[in-house]
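Enquirer: Below are the structure tokens for one structure; questions will follow.
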Amino acid sequence: MTDLFKNHGIQTQGILSLSPRETLKLLNEGAFLIDLRDVDYTDYKAFDAANVLNMPKDQFDSLTEKLHPQSHYVLADSSGLKSRLYAEKLQKKGFHHVASMSGGFVEWERDGLPVTVDVNERLTGACACQLKPREKGKSEKEM
């Protein structure tokens, strides 16, 4: 099997770190993106690319049993803070081709890469740390 990750990213403490642009290129070549964000976030804004697997952190351990250890996986979260930890978990389970996407979904979107948006699932809150699902049935004026 060809190593899709060869000559990409930066290796740091045993984990390959990829930029969002490198990740998109590799997805188009057959790698898989594991989106670790909770459903509340992925329902509103999602990576619009091939081979995206939604595996929220709270379901990660049970869902990894369905993955093929020889495939290439890039892990991404909202801001790139936890994806490295989950990449390490995959490595410990015997996965050989694992990487973490730097900057997470925030950087992906900032780079202008493809995103799908469902405005009906928009999140509310005063700042990013307080985002929560929109209360269904309430109009914008009531919020």
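Enquirer: Per residue, what volume in Å³ does the convex hull of the Cα atoms of the stretch 1-81 enclose?
Expert: 110 Å³
Enquirer: Can you tell me the Rg and the Dmax, both Å, for the Cα atoms in the stretch 60-106?
Expert: Considering the stretch 60-106 through its Cα atoms, Rg and Dmax are 10.3, 29 Å.
Enquirer: Please go through the residue pairs Lys57/Lys93; Lys57/Lys92; Lys66/Lys89; Lys6/Lys66 and name each one whose alpha carbons sit more than 19 Å apart in this structure.
Expert: In this structure, Lys6/Lys66 exceed 19 Å between Cα atoms.
Enquirer: May I pose another question? For Leu16, list long-range residues whose amide hydrogen, built 1.01 Å from N in the peptide plane, is under 5 Å from its own amide hydrogen.
Expert: So Leu16 has HN proximity to Ser100.
Enquirer: Starting at 0 and stepping by 10 Å, how many percent of the alpha carbon pairs of the stretch 11-134 end up in each bin?
Expert: In order of increasing distance, the bins hold 13, 47, 31, 8, 0 percent.
Bear in mind that the values in this text are calculations on the coordinates, not laboratory data. Keep in mind that what you see is a predicted model, and the values were worked out from it rather than measured.
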